[in-house]
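The values are calculated or read from the model by the stated rules, or taken from the named source; none is laboratory data. Please read all numbers here as calculations on a predicted model, not as lab measurements. Note that each Cβ is placed from the backbone with ideal geometry, even for glycine, and that neighbours are counted across all protein chains shown. These area figures cover heavy atoms from the full protein model, side chains too; ligands, DNA and RNA do not enter into them. Shrake-Rupley method; radii C 1.70, N 1.55, O 1.52, S 1.80 Å.
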Amino acid sequence: MPATPPRRMHLNAFLMNAGHHDAAWRHPLSTPERVTDPAYFTELARTAERGLLDSVFLADGLALWGTVRHNALGGFEPLTLLSALATATERIGLIATVSTTFTEPFSTARAFASLDHLSGGRAGWNIVTSGTVDEARNFGRDEHLEHGLRYERAQEFVDVAVKLWDSWQDDAIVLDRAAGIYADTDKVRPVDHGGTHFRVRGPLNVPRSPQGRPLLVQAGSSEDGKEFAARHAEAVFTAQQTLSDAQAFAKDLRSRLHRYGRAEDDVRILPGVCPVIGSTEAEARALEQELTDLQVPAYGLAQLSGMLGTDLTGLPLDGPLPELPEERDINGNRSRFALVARLGRREGLTLRQLIARLGGGRGHHVVAGTAEQIADRLEEWFTGGAADGFTIMPPYLPGGLDHFVDQVVPVLQERGLFRTEYTGRTLREHYGLPRPTATTPGSTTGSTTGSTSREDHRS
């Protein structure tokens, strides 16, 4: 029996304008004037590809997040930008966020199938339900849909999208010039979906793409979010502050997979990590403090108010958290509310201290140190069952990504924890996940039976 290849971690670069620290744009190492320059993002994507990372990821919201007075906010629509990056890169995966609350399944399925063709099979969809009333008010609503209803709609939305991607069989295009037959119409079928939220006839007007379907990614960690991930997600972005919290999340999520006929190896869990890198630990700590010192308290307080669903305006920065609502009463991002509230209470942080702690990653794990110390932390979580890899969130760009690629990646490679070359071409191959077969009308959607190669086997 051949030996099982070693388990290797997966790395996803989360690209955010000037960087993930909310004061990054003020730091001289960042270039906020370039956040609408496509060449800037091309350079970042090529850096990530030079580091052999699995993918780059773009978040999105359907409103102007935060207070633009105090941060470099706004920018490109992600699918548009990734279409450009598809032609500027060759191997790295391209993951975009699209909301199921304010879009339609047909247009979303069409856009991702197009990106998958444009990139040669490197597209991924980060599925979100949107979390703010400001987004709702850009789409004719006074209030946001209730949390549970958003996930109910998202479940049906993804089911319809999968049916649309599967409405073309792989061999539907026959190109029989002599007979005048371009496609076998028995292999291009309507989906005829009629549900609670959507009525879609189909078929999709894009032939089946190189991956069959884009990689399905999800980022919610509430109860609704975890159940949704267990049913649909192939990669999960999550925010955890401690190793034990990350281990508990991974165990909980994997325990739910069997309900949907899925194995524990069918999903990749990728916690967010914000690495502050220095040639010495003292240098890294000094950079972390520089960024903290550049924070605008009013901006941080507004961000914290949004995360906690509580208006903190006027409260003393050096005072404690006020009484907060119950998690079940939060109609926005419940998982982030729970994380931030738990962090503040567990460590007895003042508002000022909590703003500082959240500045680098908005609740994601921040680690400051040398390249070896960063690698130590990633290895600890990876080998400890907390993660299959990580979503890397550089505190500032472009240098924070350069340093991770040039300093941390080689350490991980030396330890045998990360690839030394790409062995696959598609995003699914990078993540060691199979290419799904097209389901037929009336069969269960979401099947991933049938596969291509699994790079590095298990992630």
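Hey, what's the Kirkwood Rh for the chain if you take every pair of different alpha carbons, in angstrom?
It is 22.7 Å.
Antiparallel as a % of all DSSP beta bridges within the chain, to the nearest 5? If you can, show how the numbers build up before the last one.
On the way: 7 of 41 bridges.
Restricted to the chain, the bridges split so that about 15 percent are antiparallel.
At 1.4 Å probe size, with every protein chain present, just tell me what the per residue accessible area of the range 180-224 comes to in Å².
49 Å²
Taking all protein chains together and a probe of 1.4 Å, list Arg415, Arg208, Arg345 from the most accessible to the least accessible.
The ordering from most to least exposed comes out as Arg345, Arg415, Arg208.
Considering only protein heavy atoms and a probe of 1.4 Å, how much of the accessible area of the chain is carbon and sulfur, as a whole percent?
50 percent
What's the FRET efficiency of Ala84 with Leu29 using the Cβ-Cβ distance as r and R₀ = 35 Å, to the nearest 0.05?
That gives a FRET efficiency of 0.90.
Report the Rg/Rh value for the range 16-99, based on alpha-carbon coordinates and the Kirkwood definition of Rh.
Value, to two decimals: 0.96.
Evaluate the distance, in nm, between pseudo-label points positioned 7 Å from the Cα of Glu283 and of Glu264 along their respective Cα→Cβ axes.
Going by the 7 Å Cα→Cβ label model, 4.1 nm.
On C-alpha positions alone, give me the angle between the axis of helix 38-50 and the longest principal axis of the chain, in degrees, nearest 10.
Roughly 80 degrees, rounded to the nearest 10.
Compute, for Ser119, the solvent-accessible surface of its heavy atoms (probe 1.4 Å) with the complete set of protein chains present, and express it in square angstrom to the nearest 10.
Surface accessible to solvent at Ser119 totals approximately 10 Å².
Would you mind working out the accessible area per residue for the range 253-312, using a 1.4 Å probe, and quoting it in Å²? Please report the intermediate quantities before stating the final value.
Details: 2510 Å² over 60 residues.
For the range 253-312, the solvent-accessible area averages 42 Å² per residue.
Averaged per residue, what accessible area in Å² does the range 1-124 show with a 1.4 Å probe, protein chains only?
39 Å²
Give me the percent relative contact order of the chain, please, defined on Cα pairs under 8 angstrom at least 6 residues apart.
Result for the chain is 23 percent.
Give me the angle, in degrees from 0 to 90, between the Cα long axis of helix 147-165 and the longest principal axis of the Cα atoms of the chain, rounded to the nearest 10.
40 degrees
Based on the inverse mean of 1/r over its pairs of different Cα atoms, what is the Kirkwood hydrodynamic radius of the range 129-236, in Å? The partial results should precede the final answer.
Details: mean 1/r = 0.0617 Å⁻¹.
When all Cα pairs of the range 129-236 are included, the Kirkwood radius is 16.2 Å.
Which order do Glu347, Glu288 take by accessible area at a 1.4 Å probe, largest first?
Result, largest first: Glu347, Glu288.
Would you tell me the accessible area of Arg153, worked out with a 1.4 angstrom probe on the heavy atoms of the protein chains, in Å² to the nearest 10?
Using a 1.4 Å probe on the heavy atoms, I get roughly 30 Å².
If I stretch the segment between Asp171 and Ala39 completely, what's the gain in nm (0.36 nm per residue apart, minus their alpha carbon distance), one decimal? If you can, show how the numbers build up before the last one.
On the way: separation 132, 0.36 × 132 = 47.52 nm, distance 3.75 nm.
Extending this stretch completely gives an extra 43.8 nm.
Measure out, as a whole number of angstrom, how far apart the alpha-carbon centroids of the range 156-172 and the range 6-37 sit.
A separation of 34 Å, based on Cα centres.
With every protein chain present, what accessible area does Asp406 have (1.4 Å probe, heavy atoms only), rounded to the nearest 10 Å²?
Accessible area of Asp406: about 80 Å².
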